[in-house]
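Novice: Questions regarding the structure given below will be posed in turn.
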There are 2 protein chains.
Amino acid sequence: MPFVVKRNNRYKSIYNQTLDLIKTLPDGTELSTESALSDRLNASRTTIRAVLKHLADEKVIDWRGRHKLILRPPTDTDYFVSEETRSTDEILETAFMQWILSGDVNVGTHLNESEMARNFGVSTSAVREFLIRFSRFGLIKKQPSTGWELVGFTKNFALELSDVRELFETRSVHQFLKQPSDAPCWAALDELETQHKDLQSRVETDYLEFSTLDDNFHRLLNSASDNRFISDFHDLIALIFHYHYRWNKQDERERNTAAIGQHLAIIAGLKARDRNKATVACANHLAAARKTLLRSIVWD
Amino acid sequence: MPFVVKRNNRYKSIYNQTLDLIKTLPDGTELSTESALSDRLNASRTTIRAVLKHLADEKVIDWRGRHKLILRPPTDTDYFVSEETRSTDEILETAFMQWILSGDVNVGTHLNESEMARNFGVSTSAVREFLIRFSRFGLIKKQPSTGWELVGFTKNFALELSDVRELFETRSVHQFLKQPSDAPCWAALDELETQHKDLQSRVETDYLEFSTLDDNFHRLLNSASDNRFISDFHDLIALIFHYHYRWNKQDERERNTAAIGQHLAIIAGLKARDRNKATVACANHLAAARKTLLRSIVWD
DNA sequence: CAACCGTTTTTTATGCATAAAAAACATATG
DNA sequence: CATATGTTTTTTATGCATAAAAAACGGTTG
């Protein structure tokens, strides 16, 4: 008897999205063609047809050949719960990051594949492939035939990460300044400036919104470098910060308020086409980010 | 019936290493203890015992409990052929790099897992895990449920690679200059200088030896940065250059001769503790390397 | 009794089967 | 006859079984 059954999270996720779509349409109207739905929801027709079948069984639609009549609006109970629609990889990433960032597990710990599979409720292959994929972030490493070892989010990790980040972002700032004034990135920068000022005015209550803004801002900066290795590295930064924002709540409001100001200084420097000013503002911001990161170290 | 049988390349590789070891010992002497062999050859006692068993069967040793008497020196036919001792990952990497660098396969090509498994004579899991592992180099990428796509060693890839390389190595040169004069890296630099001069004197015939020297030199430089992300990136550089040296034979002697001179200029700058001179020499070398790389592009 | 070997248990590596999903192909319909 | 649906084939995702290898355990021997 199988411990873990094969997941069909894609189908369930598409099913939920189709319910959302139906909600926007009045009863008595027809759903579009299978191919159109397939394009729109980014799934194969096979999946779409499985969804339509289920919708018909649930009497949400009446499906006969090319006619797909909406019978009733979906209710909350029609939806699959979010746990079922998440991909194995998402589940693993969240569980794993929570596990290692909680500090319950020590640096140098040997990671046991079958134990992880048991604890996280997924198969050993899923764990195995996740670990291989995840290893590119440098938080774990493996020696052949001996398995995986937790490197962990240590002080050195944070320092090395910050060093490279400073190297890359400084370059990105300089590349940004080289963009022609009609390049779309300048409009995007204006938009981000507005969003920053908006959030600044209501930061007391809404400081949690900063995390998304932060990611968008740095992603825009780095886009000027137009370099896949810099983008890849930003994925790592984003990962670390994502979970950092999620679990390290210390001084969060103050930190975010300060960071908004630092971002605005960089934006001002860029808009003034003032290389020196922008560079200094960037250095200030990254120095602050480095400090924050170091304060959140669990180990050493 | 299985298409592919499970490999035991580790055992075979250790067996060959044990034969090497026995060659250094005269007949009639005893091999050391199982644990000692295990430590020395970096394998578990289980593997060592399997090797000893095979050695006894082949009458190379007489094995009775703790007595392992050497009966005869190993012959060439005792050895497993190298194909059998290579790991699946090595096999895949070589075959895959040869395949994509040969230019027979176009950028954007969809990589079929089972086809690759068939062609390379390994299982689909092996291919799958290889692709995940290999994807960190950015030569392939995957979109969920749709499989892998060849990004390929394109002009942009080479340009972006070179950009980051210049960023990192310039930093490494500066970090190198900050090392205290009694740091071991200075002695290592002296040693490399000697090797470079030695090779320079016989470059006409032995220019193929440069590839190893090149890797060692850049690895030493980057070690000054003491940064895992910079080291990881160097792995990518090393991979590209390894196969580049292997298949791109155009002007190889001239290129290597020039590169030796460039390396020596960097070494001279470093030894003189002349930041400016070292930086310029490094920039020159990397500019030449960039040019070489771009000339070897298969696609675009 | 400490180092060593024989045996058992655990973990990792890897082939493979199969469900889920995508893609291709065939047929129908307006 | 172009576009849609119905059906089949192919490919990917993923659970799992098991051989290889490592690690642990326990008894032996000098």
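All of the numbers you see were taken from the coordinates with simple rules; none came from a lab. Since the structure is predicted, the reported quantities are computational estimates derived from the model, not experimental observations. Virtual Cβ from ideal backbone geometry, glycine too; neighbours counted across all protein chains shown.
Novice: Of the numbered conditions (1) within 14 Å of another protein chain (Cβ to nearest Cβ); (2) surrounded by fewer than 19 Cβ atoms within 10 Å (Cβ to Cβ); (3) not aliphatic (A, V, I, L, M), residue A:179 satisfies every one except a single condition; which is it?
Specialist: Going through (1) within 14 Å of another protein chain (Cβ to nearest Cβ); (2) surrounded by fewer than 19 Cβ atoms within 10 Å (Cβ to Cβ); (3) not aliphatic (A, V, I, L, M) one by one, residue A:179 breaks only (1).
Novice: Would a scan of the range A:19-38 turn up a residue that is within 14 Å of chain B (Cβ to nearest Cβ), under 20 Å from residue B:145 (Cα atoms) and within 13 Å of DNA strand C (Cβ to nearest atom)?
Specialist: yes
Novice: Which one is nearest to residue B:163 (Cα to Cα) among residues in the range A:210-259 that are of a type in the set (Ser, Thr, Tyr) and more than 13 Å from the chain's Cα centre (by Cα)?
Specialist: Of everything passing the filter in the range A:210-259, A:225 is nearest to residue B:163 (Cα to Cα).
Novice: Name the residues in the range B:136-176 that are touching a strand residue (DSSP E or B) at 6+ places or on another chain (Cβ under 7 Å) and more than 11 Å from chain A (Cβ to nearest Cβ), would you?
Specialist: Those that are touching a strand residue (DSSP E or B) at 6+ places or on another chain (Cβ under 7 Å) and more than 11 Å from chain A (Cβ to nearest Cβ): B:140, B:147, B:148, B:149, B:150.
Novice: Moving on to the next point. Can you name the condition, by its number, that residue B:63 falls short on among (1) more than 30 Å from residue B:134 (Cα to Cα); (2) out of contact with any helix residue (DSSP H, G or I) (no Cβ under 6 Å at 6 or more places or on another chain)?
Specialist: The failed condition is (2).
Novice: A further question follows. Please give the helices (runs of 4 or more DSSP H) falling wholly within the range B:124-232 in which 3 or more residues are more than 16 Å from DNA strand C (Cβ to nearest atom).
Specialist: Where helices (runs of 4 or more DSSP H) fall fully within the range B:124-232 and carry at least 3 residues being more than 16 Å from DNA strand C (Cβ to nearest atom), they are B:155-177, B:184-201, B:203-206, B:210-223.
Residues are listed down the side, and each one gets a yes or a no for (1) over 22 Å from the mean Cα position of the chain (by Cα); (2) more than 14 Å from chain B (Cβ to nearest Cβ); (3) of a type outside the set (S, T, N, Q):
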residue	(1), (2), (3)
A:90	no, no, yes
A:100	no, yes, yes
A:111	yes, yes, yes
A:116	yes, yes, yes
A:122	no, yes, yes
A:129	no, no, yes
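Novice: Could I ask something else about it? For the range B:41-59, enumerate the residues that are within 12 Å of DNA strand C (Cβ to nearest atom), loosely packed, with under 14 Cβ neighbours inside 10 Å and either in contact (Cβ under 8 Å) with a residue 40 or more places away in the chain or closer than 18 Å to residue B:70 by Cβ (or both).
Specialist: The answer is B:53, and nothing else.
Novice: In the range B:265-285, which residues are in a helix (DSSP H, G or I), closer than 17 Å to residue B:178 by Cβ and not small (Gly, Ala, Ser)?
Specialist: B:266, B:267, B:270, B:271, B:275, B:276, B:277, B:279, B:282
Novice: Right, next: Just checking, how many residues over the range B:129-161 are buried (at least 19 other Cβ atoms within 10 Å of the Cβ) and of a type outside the set (A, V, I, L, M, F, W, C)?
Specialist: 3
Novice: Output the residues belonging to the range B:223-237 that are out of contact with any Asp or Glu (no Cβ under 7 Å at 6 or more places or on another chain) and crowded, with 19+ Cβ neighbours inside 10 Å.
Specialist: Correct list: B:223, B:224, B:225, B:230, B:233, B:234, B:237.
Novice: Residues being more than 12 Å from DNA strand D (Cβ to nearest atom) and charged (D, E, K, R): count how many of those fall in the range B:7-35.
Specialist: Count: 4.
Novice: Scan the range B:39-53 and tell me whether some residue there is in contact with a strand residue (DSSP E or B) (Cβ under 9 Å, 6 or more places away or on another chain) and either of a type outside the set (D, E, K, R) or within 15 Å of DNA strand D (Cβ to nearest atom) (or both).
Specialist: The answer is yes; a qualifying residue exists.
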